Amino acid sequence: MSEFFKNIPQIKFEGKDSKNPWAFKYYNPELTIMGKKMSEHLPFAMAWWHNLGANGVDMFGSGTADKSFGQTPGTMEHAKAKVDAGIEFMKKLGIKYYCWHDVDLVPEDPNDINVTNKRLDEISDYILEKTKGTDIKCLWGTANMFGNPRFMNGAGSTNSADVYCFAAAQVKKALEITVKLGGRGYVFWGGREGYETLLNTDVKLEQENIANLMHMAVDYGRSIGFKGDFYIEPKPKEPMSHQYDFDAATAIGFLRQYGLDKDFKMNIEANHASLANHTFQHELCISRINGMLGSVDANQGNPILGWDTDNFPWNVYDATLAMYEVLKAGGLTGGFNFDSKNRRPSNTFEDMFHAYIMGMDTFALGLIKAAEIIEDGRIDGFIKEKYSSFESGIGKKIRDKQTTLEELAARAAEMKKPSDPGSGREEYLEGVVNNILFRG
């Protein structure tokens with residue numbers, strides 16, 4: 001195996017005072033926080049599509065980065081070169097997981113799905129061969145059911161029964177490869193599961209067909225030994241104007257409506273949360289309190305742009321509040337996949353490493369500070385006190401469902417008016433976070 005990143009050393013932890021560009025400042029995999037090693041709290045994963053495939057192309061210009069890795073794109077030789085480069089990349093960063101779409105791994109044959117499936121068999125054999133004896137594993141796999149022109153009207157939500165069959169075939173094969181590679185999860189991202197106008201859309205039929213596809217995926221996955229979680233990755237728009245998995249609450253409601261909630265959890269992406277006009281923390285919290293926080297796509301959006309920019313995460317404040325939710329949930333069943341891409345002018349191999357170092361350090365610092373917030377106790381203590389009226393008396397009866405509308409109305413009539421509910425102390429609490437974030 002040739003070395004692709006010859007000028008880049010093994011990335012190690014040196015501490016916050018280090019100015020070495022090839023060192024972690026905060027990500028110390030052996031550091032114990034709240035009873036677990038940092039590496040256990042933060043199972044980082046490489047995104048096959050962005051890291052090994054994205055070359056900086058956008059709607060205004062051609063690619064700026066060379067991701068050929070010495071081979072001709074669109075060939076199996078290139079697919080294998082990406083495996084070699086990806087493994088070297090992960091080893092140098094100490095990353096133990098990777099995520100993929102089927103068409104990230106191999107070039108899709110335009111005329112015969114059987115050819116594509118044979119290529120997937122070949123490349124998955126190659127991945128197993130090249131990762132043998134390492135601790136590198138698959139975090140999750142998925143099928144790209146949005147890129148091919150056949151999915152112009154959706155995949156599970158398509159109007160064509162023939163296209164639906166191809167969607168099912170891709171899911172089947174992607175599940176087989178996920179199991180073969182030991183994946184911990186399988187993701188559904190409904191990139192074209194939605195609509196542009198209701199003038200030509202039967203929403204009920206489309207949603208029922210999506211649910212049916214997911215049920216068949218669960219049944220087949222369990223039959224071939226898949227024991228992990230299935231995930232839905234919410235996104236409100238792009239490429240469709242109205243996507244059915246708008247946000248975590250919408251997706252959770254969908255899963256419960258169609259009896260899928262025992263097998264599915266959420267894969268929350270930070271940039272998708274902002275597109276839904278939510279915060280990253282909000283989407284994680286809604287998933288957590290519903291027992292459905294599964295995995296994370298670690299990135300962030302550009303706040304002055306209104307589309308999915310997939311920046312590498314550098315906002316420590318957001319990462320801290322995100323890790324606060326993850327710690328409250330007891331961790332993830334999946335991991336932290338960097339569904340992030342270098343900016344178009346950052347077009348060198350060195351930039352790929354700088355981006356991951358920065359992203360891993362961002363979440364490592366977020367973990368450290370989130371643990372400090374919990375151990376500090378002021379935030380949790382305030383919240384407990386804020387709702388203390390529900391711990392005794394009539395409040396406890398409300399929580400225990402031991403009262404009636406009549407009793408509550410009678411109490412209101414007796415009081416005539418309630419006392420002031422008390423200040424929310426928002427600015428004080430934000431100051432507490434700042435105090436913890438910037439100390440030590």
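The values are calculated or read from the model by the stated rules, or taken from the named source; none is laboratory data. These numbers come from a predicted model, not from an experiment. All Cβ positions, glycine included, derive from the backbone under ideal geometry; neighbour counts span all protein chains shown. Side chains included, ligands, DNA and RNA excluded: accessible areas come from the protein's heavy atoms. Shrake-Rupley method; radii C 1.70, N 1.55, O 1.52, S 1.80 Å.
A few notes on this one:
- Loop-resident sites, the stretch 294-373, for chymotrypsin sites (Phe, Trp or Tyr not before Pro), counting at most 14 other Cβ within 10 Å (DSSP): TRP307, TRP314
- Karplus (6.51, -1.76, 1.60) ³J(HN,Hα), θ = phi - 60°, over the stretch 423-440, in Hz, Gly and Pro reported as x: 5, x, 6, 4, 5, 4, 5, 4, x, 4, 4, 4, 4, 6, 5, 10, 9, x
- With all protein chains in place and a 1.4 Å probe, the accessible surface of the stretch 55-137 carries 49 percent carbon and sulfur.
- Antiparallel bridge percentage (DSSP; both residues within the chain; nearest 5): 20 percent
- Relative contact order for the chain: 14 percent, from Cα pairs under 8 Å spaced at least 6 residues apart, divided by residue count.
- Calculated SAXS-style log₁₀ I(q)/I(0) at q = 0.23 Å⁻¹ - the stretch 120-213, Debye, Cα scatterers: -1.11
- Simple point charges give the picture: +1 on the Cβ of Lys and Arg, -1 on the Cβ of Asp and Glu, and for the chain a dipole about the Cα centre of about 940 debye.
- Note that the chain presents 48 Å² accessible area per residue, ligands and nucleic acids not counted, probe 1.4 Å.
- Relative contact order, percent, the stretch 276-347 [alpha-carbon distance under 8 Å, six or more residues apart]: 41 percent
- Counted over the stretch 62-205 with a bin width of 10 Å, the fraction of Cα pairs per bin, in whole percents, is 11, 36, 32, 15, 5, 0.
- Only Cα pairs under 8 Å and 6+ residues apart enter the sum, and on that basis the relative contact order of the stretch 296-439 stands at 24 percent.
- Sorted peptide list for 64-71, 4-11, criterion being average Cβ within 10 angstrom, highest first: 64-71, 4-11
- Furthest towards positive pole of dipole, ALA355, PHE89, GLY393, structure part the chain, Cβ charges: GLY393
- Nonlocal amide H pairs with PHE44, under 5 Å, H built at 1.01 Å: LYS96, PHE336
- Amide H contacts of ASP229: TYR186, each under 5 Å away and 5 or more positions distant or on a separate chain (H built 1.01 Å from N in the peptide plane; Pro and chain starts excluded).
- Cα-based convex hull, the stretch 65-112, per residue volume (Å³, whole number): 90 Å³
- The trypsin sites (Lys or Arg not before Pro) found in the stretch 189-267 that occupy coil by DSSP, while having at most 16 further C-beta atoms within 10 Å, are LYS227, LYS237, LYS262.
- For the chain, the longest site-free run once GluC sites (Glu not before Pro) in DSSP loop states with at most 13 other Cβ atoms within 10 Å are removed: 197-390
- Close amide H pairs (under 5 Å, H built 1.01 Å from N) link ILE33 with MET38, residues at least 5 positions away or on another chain.
- Checked against a 26 Å cut-off, the cross-linked pairs LYS16/LYS37; LYS227/LYS384; LYS92/LYS262; LYS36/LYS227; LYS6/LYS82 give Cα-Cα distances beyond that limit for LYS227/LYS384; LYS92/LYS262.
- Label point at ASP66 placed 7 Å out along Cα→Cβ; residues across the stretch 337-368 whose backbone nitrogen lies under 15 Å: 347-351
- For the stretch 337-440, the Kirkwood estimate of the hydrodynamic radius, built from every pair of different alpha carbons, is 18.5 Å.
- Solvent-free Debye scattering, log10 I(q)/I(0), computed from the Cα coordinates of the chain at q = 0.06, 0.09, 0.11 Å⁻¹: -0.29, -0.62, -0.90
- Listed by chain and number, the aspartates and glutamates placed with their C-alpha closer than 15 angstrom to that of LYS132 are ASP84, GLU88; residues fewer than eight positions away on the same chain are left out.
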